[in-house]
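Engineer: Below are the structure tokens for one structure; questions will follow.
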Amino acid sequence: MSAAALGVLATTQTAVAAPPAPAPTTDLGQNVLVFSPDMPQADIQAKVDAVYEQQVDNEMGTARYALLFKPGTYGSATNPLDIRVGYYTEVDGLGQDPGGVTINGGVTAIGRNGSGSLDTFWRSVSNLTIHVVPTADACHTGNEMWAVSQAAPMRRVDVKDYTTFMPYCEDPNYASGGFVADSALEGGALNGSQQQFYVRNSDLGAGWSNGVWNQVFSGDLNAPAQSFPVPPYTTLTATPVSREKPYLYVDDSGAYRVFVPSAATNSVGTSWANGHTPGRSLPLSDFFVAHPGDSVATINAALARGKHLLVTPGVYDVATSITVKRADTVVLGLGLATLTAQNGAVPMTVGDVRGVDIAGLTFDAGTVNSPTLLKIGSGHHKVDRNPATAGSAADPTALQDVFFRIGGPHVGKATTSLEVNSSHTILDDIWAWRADHGVAGSVGWTVNTADTGVVVNGDDVTATGLFVEHYQKYNVVWNGERGRTVFFQNELPYDAPDQASWRHQKTNGWAAYKVSDKVKTHEAWGLGSYIFTNVNPTLHATQSFEVPDRPGVVMHDMTTVALNTNAGTIDHVINGKGSAATGAVSGQPQTVTRYSDKAVQ
């Protein structure tokens with residue numbers, strides 16, 4: 001063929017080549033708002049303001065929202081974007097890394113007037129960079145203010161300026177609980193009034209200031225040195241095992257994908273400091289995208305076909321279990337999507353398979369008692385003995401930002417909230433809550449009933465950020481071997497009517513954290529348990545922590561606190577050891593630095 005002919009052919013081929021296929025459209029639901037840098041900022045500000053005004057006081061409501069920002073820059077030094085975050089609102093960047101989306105302004109979470117941040121629950125921010133620019137409300141946005149309580153994580157966020165977790169503009173300015181992971185707080189951070197807080201695998205830049213009762217750090221750069229109990233800092237150089245939360249992002253072609261980070265051991269710092277987070281990227285075509293109107297049968301059929309599951313914002317009534325049976329399945333919720341048990345169902349079960357990842361979901365008990373709300377592994381046999389179904393340290397099952405409620409928005413009943421039977425499972429930011437407040441008629445000792453928040457039967461299970469509150473018997477029961485907990489926060493039940501209703505055998509009350517008498521090896525760091533019995537202030541709990549006296553069981557840095565001068569007593573910290581937390585020392589922590597085989601420090 002002549003050179004001239006080749007030229008003609010080449011020209012012809014170029015002329016008829018098909019344009020790149022557009023990214024497929026995806027229906028993420030009407031309550032997912034996707035923003036792009038080319039949208040007028042006034043429109044973006046108006047939409048995020050409208051969501052906030054609807055959600056700011058919607059603590060027990062049913063609306064759920066996800067605000068997603070495509071890669072690019074939003075706001076400027078002269079025209080900042082102020083994203084205020086109310087209940088059931090998730091704010092995410094859609095870049096592959098936090099540097100893909102920059103907010104010039106702030107992403108602000110604060111309590112409602114009169115409550116500080118004691119109940120600033122159910123919201124999140126992740127996967128973006130924040131350059132703080134003061135707005136007209138300079139008090140809240142002069143710093144990056146994420147003044148939150150439980151179930152309000154900050155993940156994969158790079159804050160270029162100062163961050164505060166204290167609602168110092170509010171009166172009162174109390175705060176209780178918080179979780180930060182895989183983030184860079186370059187300007188440093190103020191813990192302030194946060195009673196307890198956990199920071200994992202982050203860079204604290206200019207440092208961390210202030211501690212109240214129980215502050216825990218693991219795998220963090222520039223964290224305070226170990227100093228418990230004064231200041232109350234528990235610091236682990238590395239996080240023993242971790243798996244970062246899966247996240248939605250947009251690739252270079254504009255298509256949605258889900259990134260699933262790999263597990264890590266003895267990790268330090270953020271997963272993205274030296275490039276992309278290690279892991280696998282899945283096209284959204286591999287997912288069944290669920291909406292609140294979809295039936296459980298439809299969802300289960302998709303899972304059986306090998307699909308992963310993306311749960312869009314909303315409340316899903318679940319009368320039969322959503323069943324996850326395939327290894328390495330990803331179940332990712334957006335906008336704090338909520339599964340509510342109906343007719344005593346278990347809303348979700350996971351089979352005896354490895355590598356499942358469940359993230360960003362809330363589980364609500366229904367009016368008929370459920371045996372549990374989420375069951376990981378069958379519990380019918382010791383799966384470790386079967387190589388085909390054994391848990392895997394290299395490919396662990398993981399739960400991130402998974403929350404449970406017994407009562408609150410409505411009457412709820414469940415014997416247990418979370419049952420973990422599979423070995424090598426990671427529990428990362430879990431809040432199991434038997435409600436102490438809610439809509440009228442939804443809360444009471446015989447109304448929202450629940451024995452135990454978390455039961456761990458599997459071996460080699462690690463909890464990084466475990467919040468469990470107000471259950472009527474043991475809040476946590478740990479039966480598996482080689483379990484580890486890094487940070488535990490608990491309040492004992494408020495509402496027991498009398499001591500006879502809240503005791504067993506010769507023991508007053510029930511421990512917050514119980515390690516089975518048969519367990520040979522267990523270790524935990526940074527545990528806090530508080531008492532506030534506002535129905536009957538004469539009640540006593542014998543102790544908050546119960547463990548077998550064996551050399552392999554070691555508990556580090558435990559705190560008990562009586563929250564009021566006249567509302568209950570914790571007689572001992574652990575196994576009959578440690579001073580009483582009582583009204584006479586209200587607000588003063590009673591501590592044990594180390595306990596093992598009856599030895600106390």
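Throughout, read-outs are computed from the coordinates displayed, never taken from laboratory work. None of these values were measured; they are calculated from a predicted model. Cβ sites come from the backbone with ideal geometry, for glycine too, and all protein chains shown count toward neighbours.
Engineer: Let me know the Rg and Dmax you get for the chain when you use only its Cα atoms, in Å.
Structural biologist: Spelled out, the Cα radius of gyration and Dmax of the chain are 24.2, 101 Å.
Engineer: A follow-up question, please. Taking +1 at the Cβ of each Lys and Arg and -1 at the Cβ of each Asp and Glu, which of Leu339, Ala512, Thr320 sits farthest along the dipole of segment 287-600 towards its positive end, judged by Cα position relative to the Cα centre?
Structural biologist: Farthest towards the positive pole: Thr320.
Engineer: Suppose only helical runs count, i.e. DSSP H with n ≥ 4. What mean residue ellipticity at 222 nm does that imply for the chain under -39500 (n - 2.57) per run, divided by all residues and rounded to the nearest 500 deg cm²/dmol?
Structural biologist: Helix contribution divided over all residues of the chain: -2000 deg cm²/dmol.
Engineer: Using per-residue counts of other Cβ atoms within 10 Å, averaged over each peptide, order 428-435, 33-40, 343-350 from highest down.
Structural biologist: Ranking, from highest mean packing down: 428-435, 343-350, 33-40.
Engineer: Another question about this same structure. Could you check the spin-label model distance between Asp43 and Ala440? Points 7 Å from the Cα along Cα→Cβ, value in nm.
Structural biologist: Roughly 4.3 nm, to one decimal.
Engineer: On to the next question. Mind jotting down a quarter of the surface of the convex hull over the alpha carbons of segment 482-529, in square nanometres, one decimal?
Structural biologist: Mean shadow area of the hull around the Cα atoms is 4.2 nm².
Engineer: Kindly write out, for segment 396-408 in residue order, the coupling ³J(HN,Hα) from the Karplus curve 6.51 cos²θ - 1.76 cosθ + 1.60 (θ = phi - 60°), rounded to whole Hz, with x marking Gly and Pro.
Structural biologist: x, 5, 9, 10, 10, 6, 10, 10, 10, 9, 10, x, x
Engineer: Return, ordered by residue number, the residues of segment 168-196 whose backbone nitrogen is under 20 Å from a label point located 7 Å along Cα→Cβ of Cys139.
Structural biologist: 168-176, 190-194
Engineer: I would also like to ask the following. Choose one of Asn173, Ile358, Ala206: the residue whose Cα lies farthest towards the positive end of the charge dipole of the chain (beta-carbon charges +1 Lys, Arg; -1 Asp, Glu; about the Cα centre).
Structural biologist: Ile358
Engineer: Taking only the Cα atoms of segment 32-243, how large is their convex hull per residue, in Å³?
Structural biologist: Dividing the Cα hull volume of segment 32-243 by its residues yields 110 Å³.
Engineer: Continuing with the same structure: Amide H to amide H under 5 Å from Leu221: which residues, 5+ apart in sequence or cross-chain, H placed 1.01 Å off N in plane?
Structural biologist: Ser202, Asp203, Leu204, Gly269
Engineer: In whole Å, how far is the Cα centre of segment 124-180 from that of segment 272-288?
Structural biologist: 27
Engineer: A further question on this structure: Could you give the length gained by full extension between Ala319 and Thr78, i.e. 0.36 nm per residue of separation minus their alpha carbon distance, to one decimal place?
Structural biologist: 81.6 nm
Engineer: A further question follows. Spin-label point model (7 Å from Cα, Cβ direction): what's the Val585 to Thr298 distance in nm?
Structural biologist: Computed distance between label sites Val585 and Thr298 equals 5.8 nm.
Engineer: Let me ask something else. Using C-alpha positions alone, give me the convex hull volume of segment 160-311 per residue in cubic angstrom.
Structural biologist: Enclosed volume per residue, from the Cα hull, is 174 Å³.
Engineer: Mind grabbing the base-10 log of I(q)/I(0) for segment 287-600 at q = 0.13 Å⁻¹? Debye formula, identical points on the C-alpha positions, no solvent, two decimal places.
Structural biologist: -0.90
Engineer: Between Ala394 and Asn534, what is the spin-label point distance in nm, taking each point 7 Å from the Cα along the Cα→C-beta axis?
Structural biologist: 5.2
Engineer: Oh, and also: Counting pairs of alpha carbon atoms under 8 Å apart in space and at least six apart in sequence, what relative contact order in percent does the chain give?
Structural biologist: Worked out over the chain, it gives 7 percent.
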